[in-house]
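Colleague: The structure under discussion is supplied below as structure tokens; questions concerning it will follow.
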Amino acid sequence: MKINDGTFRARYGSWAVVAGASIGLGAEFATQLAARGLNVVIVARQADRLVELSRQLSTTYQVQLRPLPIDLSAPDAPALIAEQTRDIDVGLLIYNAALSIIGPFLDQPLDQHLRELDTNTRAPLALAYLLGQSMRTRRRGGIILMSSLSAMLGSALIANYAATKAYNQVLAEGLWDELRAQGVDVLACCASTITTPNYLASQPKRSRLGSFGALPPEAVVTETLNALGRQPSLIPGRSNRLAAFFIRRMLPRRVAIQMMGQTLRQMYSQQ
Ligand SMILES: NC(=O)c1ccc[n+]([C@@H]2O[C@H](COP(=O)([O-])OP(=O)(O)OC[C@H]3O[C@@H](n4cnc5c(N)ncnc54)[C@H](OP(=O)(O)O)[C@@H]3O)[C@@H](O)[C@H]2O)c1
């Protein structure tokens, strides 16, 4: 982790909002931001986890935490978060929450696909818009949208999820160019497998490609925070950058799509 020399806090403080912070990567983002001296608003549905994380981080790092138990798939969630952070200086937004439905597209209820769209695209768009306003006025701030390597191309069994992650990447890259002249850094993090508790609990079967380049949450968060302000998007992990280069540049697209589908089928036992 980068030493907390105060520069990160000066650029992105004094408060960060981490949307999707009760467990896994989001909880690790909150932890490393607290370690860098930022106060953190943590948003998720599980209030008890948020309260416990707030207690731990405020004790360990002597920063303020503000737990907001909110369902990000609800249409009014972004406005509610903007309202409940109006009294503080939010210099950094990390949109980490995601719903990831895995399974044959036509077998899932349509309202679940729409909830995936709301959680993964509608809420980050609205939050970037609402919290970005004061960052632009102050001419200082940062926005990180969690994408995924699945944003690279369509994948069977996660067709809608991958499409939402492509949306995050493309939105962040466009905003990176548009907002940097106004002092606001934007980054998409296109991660490969991250060994978060929920990922491990989903117990995907081993497949050579599925477990390739897996990284712990600590490494992904450190690399992501260090990349903010330096580039429009990041693929954490050198081997993952090489794999992405190979898939995007060396393989015909239809071959790459079928290869990803085969990997997903192996991991989740679908024919
Ligand atoms: N794990 C991987 O292998 C991997 C790979 C590539 C990209 N990513 C991306 O990295 C991010 C984090 O992954 P993860 O494995 O840490 O995910 P996770 O364990 O499922 O955690 C997601 C977080 O978002 C919150 N959340 C989910 N839906 C929400 C909703 N409707 N309203 C409010 N909060 C909500 C969850 O808290 P509550 O349940 O308390 O609401 C939790 O804190 C996601 O964007 C994912 O797409 C993950």
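Colleague: Give the number of residues within the stretch 169-188 that are of a type in the set (D, E, K, R), touching a helix residue (DSSP H, G or I) at 6+ places or on another chain (Cβ under 9 Å) and part of a helix (DSSP H, G or I). Steps first, answer last, please.
Modeller: Taking the stretch 169-188 first, the residues of a type in the set (D, E, K, R) are 173, 177-178, 180, 185.
Subset that is touching a helix residue (DSSP H, G or I) at 6+ places or on another chain (Cβ under 9 Å): 185.
Going one step further and asking which of them are part of a helix (DSSP H, G or I), we end up with none.
Of the residues in that region, 0 qualify.
Colleague: Consider only pairs whose beta carbons are under 7 Å apart and that are at least six residues apart or on different chains; among these, list those whose first residue lies in the stretch 42-55 and is in contact (Cβ under 8 Å) with a residue 40 or more places away in the chain and whose second residue is in a helix (DSSP H, G or I) and aliphatic (A, V, I, L, M).
Modeller: These pairs meet every condition: V43/I81; A44/L50.
Colleague: Being more than 15 Å from the chain's Cα centre (by Cα), at pLDDT 95 or above and within 9 Å of the ligand (Cβ to nearest atom) is the filter here; which residues of the stretch 176-210 pass it?
Modeller: The one that is more than 15 Å from the chain's Cα centre (by Cα), at pLDDT 95 or above and within 9 Å of the ligand (Cβ to nearest atom): P197.
Colleague: Another question, then. Given the structure, is V63 within 14 Å of the ligand (Cβ to nearest atom) and over 23 Å from L215 (Cβ atoms)?
Modeller: No; evaluated as a whole, the condition is false for this residue.
Colleague: Here is a further query. Among the residues in the stretch 70-78, are any exposed (fewer than 15 other Cβ atoms within 10 Å of the Cβ), assigned to a helix (DSSP H, G or I) and either basic (K, R) or within 15 Å of the ligand (Cβ to nearest atom) (or both)?
Modeller: Scanning the stretch 70-78 turns up no residue that is exposed (fewer than 15 other Cβ atoms within 10 Å of the Cβ), assigned to a helix (DSSP H, G or I) and either basic (K, R) or within 15 Å of the ligand (Cβ to nearest atom) (or both).
Colleague: Looking for whichever is more than 14 Å from the ligand (Cβ to nearest atom) and either assigned to a helix (DSSP H, G or I) or farther than 24 Å from V221 by Cα (or both) here; the options are G91, G132. Which one fits? So that I can check it myself, show each step before the final result.
Modeller: Numbers: G91 fails: either assigned to a helix (DSSP H, G or I) or farther than 24 Å from V221 by Cα (or both).
Just one listed residue meets the conditions, G132.
Colleague: Within the stretch 142-161, does at least one residue satisfy the condition of being more than 26 Å from L117 (Cβ to Cβ) and in a helix (DSSP H, G or I)?
Modeller: In the first step, residues of the stretch 142-161 are kept if they are more than 26 Å from L117 (Cβ to Cβ); the result is none.
No.
Colleague: Additional query: I102: in contact with a helix residue (DSSP H, G or I) (Cβ under 7 Å, 6 or more places away or on another chain) and in a loop (DSSP other than H, G, I, E, B), yes or no?
Modeller: Yes; evaluated as a whole, the condition is true for this residue.
Colleague: Just the residues that are in contact with a Pro (Cβ under 7 Å, 6 or more places away or on another chain), crowded, with 18+ Cβ neighbours inside 10 Å and outside any loop (DSSP other than H, G, I, E, B), please, taken from the stretch 190-243.
Modeller: Result: A191, I194, L215, V220, T224.
Colleague: Sticking with this one: Applying the selection to the stretch 67-98, what residues are out of contact with any Leu (no Cβ under 9 Å at 6 or more places or on another chain) and in contact (Cβ under 8 Å) with a residue 12 or more places away in the chain?
Modeller: Selection gives D71, P75, I88, D89, A98.
Colleague: Still on this model: Quick one: which of L25, L33 is more than 8 Å from the ligand (Cβ to nearest atom), part of a helix (DSSP H, G or I) and surrounded by 22 or more Cβ atoms within 10 Å (Cβ to Cβ)?
Modeller: On the way: L25 fails: more than 8 Å from the ligand (Cβ to nearest atom).
Exactly one of L25, L33 is more than 8 Å from the ligand (Cβ to nearest atom), part of a helix (DSSP H, G or I) and surrounded by 22 or more Cβ atoms within 10 Å (Cβ to Cβ), namely L33.
The values are calculated or read from the model by the stated rules, or taken from the named source; none is laboratory data. Only a predicted model underlies this, so the values are computations on that prediction, with no experimental measurement involved. Every residue, glycine among them, receives a Cβ derived from its backbone with ideal geometry; neighbour counts consider all protein chains shown.
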